[in-house]
Amino acid sequence: MKTPRKHRSHKGQGLSVLTSSAGNSGFKQLTFHQLVRSICSVHEKFSVQVARSINRSLTLRNWMIGLYIAEFELNGADRAKYGENLFKELSVKLVKHEISGCGRRQLYNDKSFY
């Protein structure tokens, strides 16, 4: 015999989780309004987490791009070949590889960020 579980709240995440309760097929009975509110709440909470995760990832990505460019300018085997055209040439190549956010100006900003 299963032990009935009650409505749990995960503190710190601001999410409510409905779990099995005795006498029905699995979940507490919700009104349609509560269902919509619950889905909106979950969507909002996870959207915020996704945005934060993406921001951290993009910040790290841009810093790493800046690092690679700075190191290439200092120690690149064929750096003299590109000279002042480095950012333009690099941007063109990266666009061909379908890498977004790698325009000439953005690459320069990434290097400055590093």
inquiry  = Against the condition in contact with a His (Cβ under 7 Å, 6 or more places away or on another chain), modelled with pLDDT under 95 and of a type outside the set (D, E, K, R), how does residue 35 come out, does it pass?
reply    = no
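Conditions (1) hydroxyl-bearing (Ser, Thr, Tyr); (2) not in a helix (DSSP H, G or I), marked per residue:
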site: 63; (1), (2): no, no
site: 71; (1), (2): no, no
site: 83; (1), (2): no, no
site: 100; (1), (2): yes, yes
site: 109; (1), (2): no, no
site: 112; (1), (2): yes, no
Filter region 97-112 for residues that are at pLDDT below 95 and among the hydrophobic types (A, V, I, L, M, F, W, C); the one that is surrounded by the most Cβ atoms within 10 Å (Cβ to Cβ) is 102
Those residues of region 43-96 which are exposed (fewer than 10 other Cβ atoms within 10 Å of the Cβ), closer than 21 Å to residue 113 by Cα and among the small types (Gly, Ala, Ser) amount to 83
Flagged in region 75-89 as more than 11 Å from residue 111 (Cβ to Cβ) and either in contact (Cβ under 8 Å) with a residue 40 or more places away in the chain or of a type in the set (A, V, I, L, M) (or both), in numbering order, are 77, 80
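The values are calculated or read from the model by the stated rules, or taken from the named source; none is laboratory data. Remember, it's a predicted structure, so these values are computed and weren't measured experimentally. Cβ coordinates were reconstructed from backbone atoms using ideal geometry, including for glycine residues, and neighbour counts include every protein chain displayed.
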